[in-house]
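The values are calculated or read from the model by the stated rules, or taken from the named source; none is laboratory data. All values reported here derive from a predicted model rather than from experimental measurement. Please note: Cβ atoms are built from the backbone with ideal geometry, for glycine as well, and neighbour counts cover all protein chains shown.
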Amino acid sequence: MRWGESVKKALFLLLVTLAAGWFSLLMTRKSFADSLATMAEALDRQVGAWNATGQDGTYDGETIYDYIDGAGEVYRAYNMQRCLSRSYTAAGEPAIVLDIFDMGSSEDAFGVFTHDREGKPANVGQDALYRQGWLSFWKSRFFVSLYMERETPAAKEAAFHLARAVASLIREEGRKPAILLGLPPKGLRDRSVRYLHHPMLLNYHYYLADENILNLGKETDALLATYSRDGKRARFLLVQYPNPGKAKEACSRFLAHYLPEAEGKVPLRLENGKWAAASLKGRFLAVVLESDSRSLAEDLLGEAKACP
Amino acid sequence: MSVKNIITRRDFLRAGACITLGSFMGLPHGVGSSANREGKSRVVLMRDKDVLDSNEQINRIALEEMLDDAVTTLLDAPDPSSAWKRLVTPGDIVGIKTNAWPYLPTPPPLNEAIRKRLLEAGVGEENISADDRGVLRDAVFQQSTALINVRPMRTHHWSGLGTLLKNYIMFVPQPSRYHDNACERLGAIWQLPHVKGKTRLNILVMLTPLFHGMGPHHFSRQHTWPYSGLIVSQDPVAADATGARIIQARREAFFGGERPVTPLPRHIVAADTRFGLGNSRAERIELIRLGWQKDQYL
C-alpha cells in the first residue's frame with residue numbers, strides 16, 4: 001500500500017469516527033430533550049374523573065426553585081436535569097399533581113428516592129412508596145411524585161393508575177449505584193440506605209460538620225446506612241472517590257477534624273459513649289460514624305468492600 | 001485550613017448543647033435582641049373560632065379584631081391605636097416581612113390590617129411596603145427603620161419548622177448557605193446590619209398551620225387544621241417556641257404517639273442560647289391566652 005493511500009484511509013477513518021461521535025452526541029441530546037416531552041404527549045390527559053388542567057410546567061435546575069421553593073435544592077443536589085409538572089382536577093375531588101423529574105441517571109433517580117423513605121412499599125416502577133396523599137417511585141433515570149391535596153379513595157386509585165401509566169412509558173429499568181455492593185449485608189436496615197453526593201444532604205440525614213470535611217461533591221458517591229446486629233446499632237458511611245489519592249486526602253481531613261485525638265488509632269470512643277472509626281480501601285473511605293460497640297465498628301470496617 | 005475553625009457534631013456532643021458555641025464562634029450574646037433577655041418574654045395567643053368559615057375562608061373583621069386584641073394586650077395599651085403608636089412613629093420606614101409560599105402565604109387580609117394600623121399611627125403610605133422574596137431589592141426595605149414580621153407557621157424541609165426566625169432568610173442573598181444542620185444558624189441573619197434591632201412586632205399566623213410535610217411540595221391539606229389563632233410577641237424566639245409546642249402536640253394527637261418534627265428545629269433554641277435573640281424555654285415565657293380556649297395544645 002502506498003503512503004498516500006494510507007494517509008487517505010486514515011483521514012477517512014478519522015472523519016467517520018468524528019462524524020459518528022458527533023452524531024451520537026446529537027442523538028443523546030435529542031433523546032434526552034425529547035424524553036419528558038414524549039412522555040407528556042403520550043400520557044393521558046384524562047384519568048377517570050380527573051382531567052389535566054392548564055399547561056404542563058417544565059423546569060430546569062435553576063427554575064425549579066420557582067416551583068417547589070427550598071426543596072428544589074434536594075433535586076439539584078442529585079443533578080436534576082428537568083422536571084415536568086401536570087395537575088389533574090376533578091369536580092368535588094382533590095387535585096392530583098404529577099411531577100416527573102429527569103435526574104439524568106438511574107443512580108441519581110434512585111438517590112433522590114432514598115431521600116425520603118417513609119411510607120408503605122407499593123408496586124410501581126422499580127421501587128415505590130405510598131404515604132397518605134403522596135406516592136413516589138423511581139424507574140430508569142426518572143423519579144416520579146404524585147401528590148394529592150388530600151386523600152380520598154378515588155384520588156388514591158387515580159394516582160396509582162396515573163403512576164402505572166407513567167411507569168409503562170419508561171421502557172427500560174435502570175441500574176442502582178454500584179457502590180451498594182460495597183455495603184456489608186449482615187444487619188443492614190435496607191430502608192435506612194441513603195445514596196448521595198452532596199454534603200448538605202449528608203448533614204440533613206446525619207449532621208457531621210458545618211464544613212465539607214469529607215470532600216463530598218459531584219465526583220463522589222456516598223452511602224449512609226444503619227446497621228443492627230445483636231441489639232447493637234451503628235451508622236455507617238461509605239464514600240467512593242475518583243482515585244485513591246482523593247480518598248486518602250479525605251480520610252486525613254476527616255480524622256484531623258473529627259477524631260483529632262485518635263492520632264490514627266481507631267475506633268475512638270466519642271463523648272456520647274459510642275465508637276467512631278474510619279479506614280481506607282483504595283478509592284473507598286469507610287466511616288463508622290457512631291457504633292454502640294467497638295467490635296461492631298471494627299467488623300463493619302473489615303467487611304466493607306471496595307467494589308468496582 | 002485551621003482545625004479549630006470547623007464545628008463538628010462532636011462539638012455539640014462535648015458541650016451537651018449548643019450553649020457554648022456562641023462564644024466559640026465569636027458571636028455576641030444578647031446583642032441586638034428585641035426581646036427581654038433578663039426577664040420573661042410576653043407572648044399573646046389569640047384565638048377566635050369564627051375567624052374561619054366552614055371552607056376555611058377568613059372573616060376579615062374577626063381577624064382585624066384578633067390582631068387588635070393581641071397587640072393591645074401585648075403592650076398593655078388602652079386601645080389598638082395607642083398600641084401601634086408605641087410600636088412605630090410617623091418618621092418610620094416600615095417593611096412588613098411576609099411569606100409568599102403559595103400553599104400557605106401570609107393572609108392578605110392580615111397584611112391589610114397591619115398596613116391600616118401603621119397608617120393610623122402616622123406612617124406615610126409611601127414608607128410602607130410588604131414583601132417576601134424581593135426584600136433585598138425593595139426600596140422601602142432597603143431604607144427601613146422598622147420591620148413587622150408576619151408569617152404562617154408550618155413544617156419545613158430544611159429547618160424543621162418555618163418560623164418567624166426563618167422568615168428573615170430572604171434578607172441574605174444566598175439563603176441556602178443557612179441550610180446546614182437544620183438551619184441552626186438562622187439567628188445570625190438577625191444580627192446583620194440591615195436587620196439588627198429593627199423588628200418591632202412578630203406575628204406567627206396559626207390560622208391553619210401545617211404540622212406535617214412530605215414530598216416535593218411539602219404540603220397536604222389533611223396536615224393542616226383550623227387552629228384559628230395568632231401568636232404575637234416582640235420576642236420572635238418566644239413566639240416560635242410557643243408555636244412549636246402547639247405543632248408538636250398536634251402531631252402527637254394526629255399520629256397517635258411521639259412523632260418529633262423532622263429535622264428538629266434547632267434554630268429556635270440556638271436563637272436563644274447562641275444568638276441571644278430571645279427566650280425559648282417555657283418558664284421564661286409569659287403566655288397570655290385570649291379568646292377560644294378549646295384544643296389549645298398548650
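Residue by residue through the stretch A:179-202, note down the ones that are within 11 Å of chain B (Cβ to nearest Cβ) and in contact with a strand residue (DSSP E or B) (Cβ under 8 Å, 6 or more places away or on another chain).
Within the stretch A:179-202, A:201, A:202 meet the criteria.
Could you please find all residues in the stretch B:171-192 being within 11 Å of chain A (Cβ to nearest Cβ) and of a type in the set (S, T, N, Q)? It would help to see each step written out before you state the result.
Applying the first criterion (within 11 Å of chain A (Cβ to nearest Cβ)) to the stretch B:171-192 yields B:175-185.
Correct list: B:176, B:181.
Looking at B:51, B:44, B:71, which is the one that is over 18 Å from the mean Cα position of the chain (by Cα) and of a type in the set (Val, Ile, Thr)?
Within the list B:51, B:44, B:71, the selection yields B:51.
List, please: which pairs have Cβ atoms under 9 Å, are six or more places apart or on different chains, and start with a residue in the stretch A:254-278 that is of a type in the set (Gly, Ala, Ser) and end with one that is in a loop (DSSP other than H, G, I, E, B) and surrounded by 21 or more Cβ atoms within 10 Å (Cβ to Cβ)?
A:276/A:259; A:276/A:267; A:277/A:259; A:277/A:267; A:278/A:259
I need every pair where a residue in the stretch A:184-197 that is on the phi > 0 side of the Ramachandran plot has its Cβ under 9 Å from the Cβ of a residue that is part of a loop (DSSP other than H, G, I, E, B), sequence separation at least 6 or different chains.
As it stands, the answer is A:187/A:230, since those pairs meet every condition given.
Out of the residues in the stretch A:110-121 meeting the condition of being outside any loop (DSSP other than H, G, I, E, B), in contact (Cβ under 8 Å) with a residue 12 or more places away in the chain and within 14 Å of another protein chain (Cβ to nearest Cβ), tell me which one is surrounded by the fewest Cβ atoms within 10 Å (Cβ to Cβ).
So the residue we want is A:112.
Filter the stretch A:42-66 for residues that are at pLDDT 90 or above and part of a helix (DSSP H, G or I); which is farthest from the chain's Cα centre (by Cα)?
Taking the candidates together, the pick is A:42.
Examine the stretch B:246-258 for a residue that is modelled with pLDDT under 95, touching a helix residue (DSSP H, G or I) at 6+ places or on another chain (Cβ under 9 Å), part of a loop (DSSP other than H, G, I, E, B) and loosely packed, with under 15 Cβ neighbours inside 10 Å, and state whether such a residue exists.
The answer is yes; a qualifying residue exists.
Starting from the stretch B:156-168, keep only residues that are within 13 Å of chain A (Cβ to nearest Cβ) and in a helix (DSSP H, G or I), then list their pairs with residues that are surrounded by fewer than 24 Cβ atoms within 10 Å (Cβ to Cβ) and among the acidic types (Asp, Glu) whose Cβ atoms are within a distance under 9 Å, requiring at least 6 positions of separation or different chains.
B:167/B:132
With the structure loaded, tell me whether residue B:236 is buried (at least 24 other Cβ atoms within 10 Å of the Cβ), of a type outside the set (Lys, Arg) and either touching a strand residue (DSSP E or B) at 6+ places or on another chain (Cβ under 6 Å) or facing chain A (nearest Cβ under 10 Å) (or both) or whether it fails that test.
The answer is yes for residue B:236.
Would you pick out the residues in the stretch A:69-88 that are farther than 19 Å from residue A:175 by Cβ and more than 12 Å from every other protein chain (Cβ to nearest Cβ)?
Once the filter is applied, which keeps residues that are farther than 19 Å from residue A:175 by Cβ and more than 12 Å from every other protein chain (Cβ to nearest Cβ), the stretch A:69-88 yields A:82, A:84, A:86, A:88.
Which of the residues spanning the stretch A:140-179 are more than 30 Å from residue B:225 (Cβ to Cβ) and in a loop (DSSP other than H, G, I, E, B)?
Of everything in the stretch A:140-179, those that are more than 30 Å from residue B:225 (Cβ to Cβ) and in a loop (DSSP other than H, G, I, E, B) turn out to be A:140, A:141, A:170, A:171, A:172, A:173, A:174, A:175, A:176, A:177.
Give the stretch A:126-147 a look and list any residue that's more than 12 Å from residue B:216 (Cα to Cα) and either at pLDDT below 95 or within 7 Å of chain B (Cβ to nearest Cβ) (or both), or say none.
Hits for the stretch A:126-147 are A:131, A:132, A:133.
Residue check, residue A:250 against (1) assigned to a helix (DSSP H, G or I); (2) within 22 Å of the chain's Cα centre (by Cα); (3) more than 20 Å from residue B:6 (Cα to Cα), all met but one. Which one?
Tallying (1) assigned to a helix (DSSP H, G or I); (2) within 22 Å of the chain's Cα centre (by Cα); (3) more than 20 Å from residue B:6 (Cα to Cα), residue A:250 fails exactly one: (3).
Can you name the residue in the stretch A:124-172 that is under 18 Å from the mean Cα position of the chain (by Cα) and polar (S, T, N, Q) and, of all such residues, is surrounded by the most Cβ atoms within 10 Å (Cβ to Cβ)?
Among those that are under 18 Å from the mean Cα position of the chain (by Cα) and polar (S, T, N, Q), it is A:136.
Given the conditions (1) away from every other protein chain (no Cβ under 11 Å); (2) without any contact (Cβ under 8 Å) to a residue 60 or more places away in the chain; (3) in a helix (DSSP H, G or I), which single one is not true for residue B:222?
Result: residue B:222 passes all but (1).
Out of A:285, A:208, A:289, I need the residue that is away from every other protein chain (no Cβ under 14 Å), crowded, with 21+ Cβ neighbours inside 10 Å and under 22 Å from the mean Cα position of the chain (by Cα). Which one?
Numbers: A:208 fails: away from every other protein chain (no Cβ under 14 Å); A:289 fails: away from every other protein chain (no Cβ under 14 Å).
Residue meeting the stated conditions: A:285.
Within the stretch A:89-108, how many residues turn out to be among the hydrophobic types (A, V, I, L, M, F, W, C) and more than 14 Å from chain B (Cβ to nearest Cβ)?
Residues that pass the stated criteria total 2.
Which condition breaks for residue A:124 when tested against (1) part of a strand (DSSP E or B); (2) in contact with a Lys or Arg (Cβ under 7 Å, 6 or more places away or on another chain)?
Exception for residue A:124: condition (1).
In this structure, is residue B:133 surrounded by fewer than 21 Cβ atoms within 10 Å (Cβ to Cβ) and outside any loop (DSSP other than H, G, I, E, B)?
For residue B:133, the condition - surrounded by fewer than 21 Cβ atoms within 10 Å (Cβ to Cβ) and outside any loop (DSSP other than H, G, I, E, B) - is not met.
Please verify whether residue A:250 is aliphatic (A, V, I, L, M), buried (at least 19 other Cβ atoms within 10 Å of the Cβ), touching a His at 6+ places or on another chain (Cβ under 9 Å) and within 14 Å of chain B (Cβ to nearest Cβ), treating the condition exactly as stated.
no
What is the one condition in (1) in contact with a strand residue (DSSP E or B) (Cβ under 9 Å, 6 or more places away or on another chain); (2) in contact (Cβ under 8 Å) with a residue 12 or more places away in the chain that residue A:229 does not satisfy?
(1)
Of the residues B:277, B:207, only one is in a strand (DSSP E or B) and of a type in the set (A, V, I, L, M, F, W, C); which?
Values: B:277 fails: in a strand (DSSP E or B).
Going through B:277, B:207 in turn, the sole match is B:207.
Does the stretch B:90-110 hold any residues that are surrounded by fewer than 18 Cβ atoms within 10 Å (Cβ to Cβ) and either among the aromatic types (Phe, Trp, Tyr) or within 22 Å of residue A:66 (Cβ to Cβ) (or both), and which are they?
B:100, B:102, B:103, B:105, B:108
State all residues of the stretch A:253-267 that are in a loop (DSSP other than H, G, I, E, B) and crowded, with 18+ Cβ neighbours inside 10 Å; if no residue qualifies, say none.
Correct list: A:259, A:266, A:267.
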